[in-house]
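*Asks:* After the structure tokens below, expect a handful of questions from me.
The values are calculated or read from the model by the stated rules, or taken from the named source; none is laboratory data. For clarity, every value in this text was computed on a predicted model and none was experimentally measured. Here the Cβ positions follow ideal geometry from the backbone for every residue, glycine too, while neighbour counts run over all protein chains shown.
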């Protein structure tokens, strides 16, 4: 039955996607790496040859060409968890894209402020502030460093 066969293949592909999402969310980089190969085949089968070739090259370098120490460093830095909560890992490129978005939104927000200041002939009241006075902060930091003494070697 063609309908059953197609549904079975569809379920298989969806389960691969769910496995990848769960492995990434939990930070299981070994499982993520193991799931690269089926995704490479799916990308090739759907005509996404650039994705397939880049993933193949990355996987080959990671498993065979890079020194072991470098491979481990790459593996440990593919996913990050900024919140520290369980099941909150995400790919590093998502974090970079999110930072780019926030940078653009911040710039847009600042430009809106400037536009309103100019419209009401204000003298840059909302974006130009006095230089911060860091003396108290530096004094507290120096006292804390002196108290904790982090630059001396301690046993244990």
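Okay, residues lined up against (1) at pLDDT 85 or above; (2) closer than 30 Å to residue 26 by Cα:
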site	(1), (2)
82	yes, yes
94	yes, yes
99	yes, yes
103	yes, yes
110	no, no
120	no, no
133	no, no
147	yes, no
151	no, no
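*Asks:* Scan region 9-28 and give yes if some residue there is in the same structural domain as residue 80 (by TED's automatic domain parsing), modelled with pLDDT under 95 and outside any helix (DSSP H, G or I), otherwise no.
*Replies:* No, region 9-28 contains no residue that is in the same structural domain as residue 80 (by TED's automatic domain parsing), modelled with pLDDT under 95 and outside any helix (DSSP H, G or I).
*Asks:* Would you point out which residue out of 48, 44 is surrounded by 13 or more Cβ atoms within 10 Å (Cβ to Cβ) and more than 25 Å from the chain's Cα centre (by Cα)?
*Replies:* Selected residue: 44, the only one of 48, 44 that is surrounded by 13 or more Cβ atoms within 10 Å (Cβ to Cβ) and more than 25 Å from the chain's Cα centre (by Cα).
*Asks:* In the list 71, 106, which residue meets the criterion of being in the same structural domain as residue 59 (by TED's automatic domain parsing) and at negative phi?
*Replies:* Exactly one of 71, 106 is in the same structural domain as residue 59 (by TED's automatic domain parsing) and at negative phi, namely 71.
*Asks:* So, in region 32-58, how many residues would count as being part of a helix (DSSP H, G or I) and farther than 17 Å from residue 92 by Cβ?
*Replies:* 17
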